[in-house]
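The values are calculated or read from the model by the stated rules, or taken from the named source; none is laboratory data. Given the structure is predicted, the values throughout are model-derived calculations rather than measurements. So basically every Cβ, Gly included, is an ideal-geometry build from the backbone, and we count neighbours across all protein chains shown.
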Amino acid sequence: MSQQLSQRRRRGFAPVIVAVILVGAVVVVFRTVYGACGPVKLTVAASSEKAELLRQIAAGYRGRCAQIEVRAQASGAVMQALARGWDERVDGPRPDVWTPAASGWITLLRQRVKGDGPVGADNPSIASTPLVIAMPKPMAAAMGWPKKKLGWSDILELGSDPEGWARYGHPEWGAFRLGKTNPNFSTSGLNATVGAYFAATGLSGDLVKANVSDAKTREFVRGVERSIVHYGDTTLTFLSNLQRADDAGAAMSYISAVTVEEKSVWDYNQGNPTGDPKTLGDHRKPRVPLVAIYPKEGTLFSDNPYAVLSWADEAKRAAAAEFLKYLHEEGQQAQFASYAFRSYQGKPGKLITAANGLDPKQPRTRLNVPLPAVLDQILKSWATLRKPANVLMVMDVSGSMSAEVAGTGKTKLDLAKQAAVNALPQFGPNDRVGLWIFSTEQQGSRDYRELVPMKRDTGAALRTRIKGLIPNGGTGLYDTALASYHHVLTRKNTGAINAVVFLTDGRNEDQASIALEDLLPGLRKEQGQETVRMFTIAYGEDADLNVLRQISESTNAAAYDSRESGSIDQVFTAVISNF
């Protein structure tokens, strides 16, 4: 009897012993996989062109050390936020890892904070893509591509020729027009600007301050900038406008060249200028494809560094190291390659082919990012050499602008005024800037009023008048849009970027005004004609982004979305980056 009881007890203990062993095994496996870090949430701030792809890669990250949250944030904006001290109220959640598009932004950050700051010394690449000058294929062929090696000197020569494309037997293409983003905000703009300085000096490395300040260098860069259409915070404006022109059979008359990353040429040629994997296949391929010109003087790479920020604790650092290892694995590198990125080692994948307008044997000369102080001087020098602006700021002061923005204790107009004032330092001494306001019946039946005329050195007057704005009346949108466009058109400076910055929080409420169907034809010009570009801002949840987008697209500009509460400061800064 006691022997049977003993056997039953042993049998009863057996499952317990097995369970204990299994639990112990799980703990061992858990510790083996996670190490000391444990499962943590890792926030990654990624440059816009790769954020969605990185998000998809992170979604397949299983059984590792962290839950990965990828947030799309412009490289230049993150650099500036880190330099001044990250403010979550303005900049969003503080990231643990920053992967800008290129190491140049880390170089600039070190210069701005006089040291490494929140970024360490070792920031390995996760993927790469070189800067190229993208051109419609017939235009590149007219210049001798692919047999003739082209570069910045050819761009300067053609852009400076008053005959324009007639130089190559194509007067119907008009003047040479270059699209280039603002180097203070955009990686392609930064790398293109640095590349132009290298080309001006004839050097491929060791650029020093004396090279940047040399009179011949400055004249070369000024000449390149002279053919700019406008600047901007993203190449998407140029590529999206080019796609619309191509749809209308007028691709050759919108832009002659645009400085972009190599992968963006592939994206555009797939009919997907945003580069977003989710929209690939939604639009047909262009009638006129782009080809990549690898500047013969050399070019920089967007090397997509991976920087773990100084405030990340030990567990997050361990998690970041595990995720970096995962990104370097063959499967994840193949995902990058499937969207025309090169590997983190710079090796081209199967999409980098002549059939796609690309060349796996290029670039022959790879330029290095200058030292922090030199790179900082390049940006300061560029600010004095860039193409000047001829801009009218038009701000909505209708009664709805008096609504309070939740959580701020301020009205919409208060925040808009603050954003406009904060953006004014982006204008330079050679820019002509004016200010209008609008609502309804500002001057008799007229919906708009001039507060500051368009001229140079209006910074103090603009700040004073903007700070004094008060809300009143309805939204007289259509009449004001047309009037402001014609106001700048009649004061157009052929050597400047002529534009209107138009901010509104509502829809047209003037029943006596023209209709949208009459406004849009009044804004359009024949393709290739110099025009006034209207950059619109949809401010607040009641703004009609669809209408504003139509207004901007009619003038080959861009509409900006500031309907989300608290975004107006960043959006206003992005808009002014076009000049």
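Some notes on this structure:
- The listed residue being within 22 Å of the chain's Cα centre (by Cα) and more than 30 Å from Gln111 (Cβ to Cβ), out of Pro273, Pro286, Pro360, Pro348: Pro273
- Whichever residue in segment 457-483 is among the hydroxyl-bearing types (Ser, Thr, Tyr) and assigned to a helix (DSSP H, G or I) and, among such residues, is nearest to Pro388 (Cα to Cα): Thr464
- Of all residues making up segment 241-254, the number that are at pLDDT 95 or above and within 25 Å of Leu156 (Cα to Cα): 1
- Flag if Glu441 is part of a strand (DSSP E or B) and modelled with pLDDT under 95: yes
- Every listed requirement among (1) part of a strand (DSSP E or B); (2) of a type in the set (A, V, I, L, M); (3) farther than 26 Å from Gln550 by Cβ is met by Ala499 save one, (3).
- Just so you know, in segment 52-86 the residues that are within 25 Å of Asn272 (Cα to Cα) and touching a Lys or Arg at 6+ places or on another chain (Cβ under 7 Å) include one that is surrounded by the most Cβ atoms within 10 Å (Cβ to Cβ), and it is Val70.
- Residue check, Asn191 over 22 Å from Gln362 (Cβ atoms), among the polar types (S, T, N, Q) and either crowded, with 21+ Cβ neighbours inside 10 Å or modelled with pLDDT under 95 (or both): no
- Residue-level check: of (1) of a type in the set (Gly, Ala, Ser); (2) touching a strand residue (DSSP E or B) at 6+ places or on another chain (Cβ under 7 Å); (3) modelled with pLDDT of 95 or more, Ser381 misses just (2).
- Pairs are defined by a Cβ separation below 6 Å, a sequence spacing of at least 6 or placement on different chains, a first member in segment 561-574 that is of a type in the set (Ser, Thr, Tyr), and a second member that is part of a helix (DSSP H, G or I) and at pLDDT 90 or above; the pairs so defined are Ser562/Ile568; Ser562/Val571; Thr573/Ala423.
- Filter result for Gly195 (in contact (Cβ under 8 Å) with a residue 40 or more places away in the chain and either out of contact with any His (no Cβ under 7 Å at 6 or more places or on another chain) or not in a helix (DSSP H, G or I) (or both)): yes
- Checked against (1) surrounded by fewer than 18 Cβ atoms within 10 Å (Cβ to Cβ); (2) among the charged types (D, E, K, R); (3) under 21 Å from Asn241 (Cα atoms); (4) in contact (Cβ under 8 Å) with a residue 12 or more places away in the chain, Glu517 passes all but condition (4).
- Residue match in segment 165-184 (condition: within 27 Å of Asp96 (Cα to Cα), at pLDDT below 95 and surrounded by fewer than 23 Cβ atoms within 10 Å (Cβ to Cβ)): yes
- Test: residue in segment 127-149 that is at pLDDT 95 or above, farther than 30 Å from Ile255 by Cα and in contact with a Ser or Thr (Cβ under 7 Å, 6 or more places away or on another chain): no
- Residues that are surrounded by 16 or more Cβ atoms within 10 Å (Cβ to Cβ) and within 30 Å of the chain's Cα centre (by Cα) were ranked within segment 462-482; the one that is nearest to Lys417 (Cα to Cα) is Ile466.
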